[in-house]
Each structure stands twice: as structure tokens, then as C-alpha cells.
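Peer 1: Below you will find the structure I want to go over with you.
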Amino acid sequence: MGVPTPRIVEEPDNYNQIQRIYELKPDLVITGMAHANPLEARGISTKWSVEFTFAQIHGFTNARDILELVTRPLRRNHALKDLG
């Protein structure tokens, strides 16, 4: 369908993590709370992984809630760029 698949990296390699993120240029990084603020300070959109733990995921019923979790930081950063 011509849609790129997301790359999922589950390796807590703190030494090479930032370099790997810069190389991949992801739209969003789902990470723990400890790493979110330093990544945001570098201009990388993040979402706390713990929020997915407490999200109500039950098939398609709550698909909108999951999409909201993922798109909220992207929309926020887009709005902030418009402010200058």
C-alpha cells in the first residue's frame, strides 16, 4: 500500500539512543518519563510509555483513544511551531 512501517526498537542502550533517534528521524518517540524531557529539549516529539499502560485498550472500541494518545504530542508541537 506504499505506507512505511514503523520501526520499533526495544533496547535500552542509553549511550547510542540519541544517535539512533537522530538517524531514524521518527515523528514520535514513545519512551519513559525519565527520557522524555531531554528528548523534547532536543526537538524530538515524545509520548510517555506509561500512558499506554493505563489506556483502556479493548479492540476497536477504544481505537480513537489510542490514536488520540499518539497524535496529541504531534498536534501540540505543530501548534507551537505556528506560534513562532
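Bear in mind these aren't lab numbers, they're just calculated from the coordinates by the rules spelled out. Predicted model, so just to flag it, every value in this text is computed and none were measured. Using ideal geometry, Cβ is built from the backbone for each residue, glycine included, and neighbour counts are taken over all protein chains shown.
Peer 1: Can you compute the helix-only [θ] at 222 nm over the chain? Use -39500 (n - 2.57) per DSSP H run of at least 4 residues, normalise by all residues, nearest 500 deg cm²/dmol. Write down the numbers at each step before the final one.
Peer 2: Details: 4 runs with 42 residues, N = 84.
Rounded to the nearest 500, it is -15000 deg cm²/dmol.
Peer 1: Still on this model: Subtracting the Cα-Cα distance from 0.36 nm times the residue separation, let me have the gained length for M1 to Q17 in nm, one decimal. Working shown, then result.
Peer 2: On the way: separation 16, 0.36 × 16 = 5.76 nm, distance 3.02 nm.
In short, 2.7 nm is gained.
Peer 1: Mind listing the long-range amide H neighbours of S49? Cut-off is under 5 Å, sequence gap 5 or more, other chains count too, H placed in the peptide plane at 1.01 Å from N.
Peer 2: T31, G32, M33
Peer 1: Treat each spin label as a single point 7 Å out from the Cα along the C-beta direction, and report the D27 to E68 distance in nm.
Peer 2: Modelled inter-label distance: 1.9 nm.
Peer 1: I57 versus L80, label points 7 Å from Cα toward the beta carbon: distance in nm?
Peer 2: About 2.5 nm, to one decimal.
Peer 1: Pick the calculated log10 I(q)/I(0) by the Debye sum over Cα atoms at q = 0.17 Å⁻¹ for this structure from (1) -0.58; (2) -0.83; (3) -0.66?
Peer 2: (2)
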